1. All but one of (1) more than 16 Å from ligand 1 (Cβ to nearest atom); (2) assigned to a strand (DSSP E or B) hold for A25, so report the exception by its number.
2. Select from the stretch 43-101 the residues that are within 21 Å of H169 (Cα to Cα) and aliphatic (A, V, I, L, M) and list them in ascending order.
3. Pick from K160, K87: which is within 16 Å of the chain's Cα centre (by Cα), at pLDDT 95 or above, surrounded by fewer than 22 Cβ atoms within 10 Å (Cβ to Cβ) and not β-branched (V, I, T)?
4. Mind listing whichever residues of the stretch 163-186 are at pLDDT 95 or above and away from ligand 1 (no atom under 15 Å from the Cβ)?
5. Filter the stretch 134-157 for residues that are out of contact with any His (no Cβ under 6 Å at 6 or more places or on another chain) and at positive phi and give the result.
6. Which of the residues belonging to the stretch 122-142 are touching a residue at least 40 places away in the same chain (Cβ under 8 Å), within 16 Å of ligand 2 (Cβ to nearest atom) and buried (at least 23 other Cβ atoms within 10 Å of the Cβ)?
7. Taking only the stretch 66-79 into account, find how many residues are away from ligand 2 (no atom under 12 Å from the Cβ) and either of a type in the set (S, T, Y) or buried (at least 16 other Cβ atoms within 10 Å of the Cβ) (or both).
8. For the stretch 1-42, enumerate the residues that are away from ligand 2 (no atom under 16 Å from the Cβ) and farther than 16 Å from D61 by Cα.
Amino acid sequence: MKITIIYDNMPPLKKGLQADWGFAALVEAGRERKILFDTGANGEILLSNMGILGIEPTSIDEVFISHPHLDHVGGLPRFLDQNNAVKVWVPPSMGEGIYEKETAVVQGPIQIHKGIYSTGELEGIEQSMAVETSSGLVLVVGCSHPRMKNILGSASQFGKVYGIVGGLHSTSPESLKDLGLICAAH
Ligand SMILES: [Zn+2]
Ligand SMILES: [Zn+2]
């Protein structure tokens, strides 16, 4: 499993990448499946950063939207201009038929592929992704609005959570103390 952060408000490590408020990451897991997790706020910046990182939009199989805040979905229309064949997983808070694209609405905690899970929408706002690795589950989160205790609670039904990557808005350091890996972004 590999995670590449494409869009973040932290200063980028690689030359040419633009920082902007929002989050997007590429998750490569399972049988080389490529999932775009969130799309950042601005489609031009998303596509520019993808280009610099050598990520071809047409190589993406699926998009997983954590929650409908603009800094996570704003880049979606421009991405869909490049690749409209992707399956788009959304939480119910997103609403249906968004951007005239049929979406797969995740109602509750589910396995979306072998070894890849959604916590389901929590607190009426946000879903997170959990991916199996040899060390345990790695959680990919957008903003963590539903609070870490609830996110970890839902994810743990799929296995022991080892690490977390993404935006940690509503997170006390205490709630992360049992994790082996923390990659705080956004
Ligand atoms: Zn948010
Ligand atoms: Zn956010």
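The values are calculated or read from the model by the stated rules, or taken from the named source; none is laboratory data. Quantities reported herein were computed from a predicted structural model and do not represent experimental measurements. Cβ coordinates were reconstructed from backbone atoms using ideal geometry, including for glycine residues, and neighbour counts include every protein chain displayed.
1. (1)
2. Passing the criteria: I65, L70, V73, V90, M94.
3. K87
4. G163, I164, V165 - these are the residues of the stretch 163-186 that are at pLDDT 95 or above and away from ligand 1 (no atom under 15 Å from the Cβ).
5. G136, R147
6. E126, Q127, S128, M129, V140, V141, G142, listed by residue number.
7. 4
8. The answer is P11, P12, L13, K14, K15, G16, L17, Q18.
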